[in-house]
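One structure below.
The values are calculated or read from the model by the stated rules, or taken from the named source; none is laboratory data. This is a predicted model, so every value here is computed, not measured. Cβ atoms come from the backbone with ideal geometry, glycine included; neighbour counts cover every protein chain shown.
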């Protein structure tokens, strides 16, 4: 059997050492995408959108046009996880949200909205944040 014929789930059942012996063919899709560095904010948004969609979420990307009907400062990506509204503001490393975006983030996080708002600066950060929210919210759903 050829390593290229294996699914990501099958590759993850192998030890890291064994997968490394196959070079690039032993890398899972998520690992390959996490290693890719986005060259633009829009490219990173696309990577994060793809990540969420592959994980079963139905993310919504905010239009970036100046004449959009969306409130100024709204985060780039919105989705739900375990009944909670989550918003990701996508920025490249070293960049920060504008004052207008910070204001909108505070409003989304405050009552009555109670949304989770995060600034995500890399694919890896999005992947880690998604994993953290998934595990924490499963615990809350079970305990609550």
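Listed here are the residues, each with its yes/no results for (1) at negative phi; (2) part of a loop (DSSP other than H, G, I, E, B); (3) at pLDDT below 90.
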position: 30; (1), (2), (3): yes, no, yes
position: 39; (1), (2), (3): yes, yes, yes
position: 49; (1), (2), (3): yes, no, no
position: 53; (1), (2), (3): yes, no, no
position: 69; (1), (2), (3): yes, yes, yes
position: 73; (1), (2), (3): no, yes, yes
Considering 78, 109, 115, 131, which residue is at pLDDT 90 or above, touching a strand residue (DSSP E or B) at 6+ places or on another chain (Cβ under 6 Å) and within 30 Å of residue 7 (Cα to Cα)?
78
Hey, among the residues in the range 6-28 that are over 26 Å from residue 76 (Cβ atoms) and surrounded by 15 or more Cβ atoms within 10 Å (Cβ to Cβ), which one's modelled with the highest pLDDT?
14
Consider the range 51-79. How many of its residues are loosely packed, with under 15 Cβ neighbours inside 10 Å and more than 21 Å from residue 30 (Cα to Cα)?
10
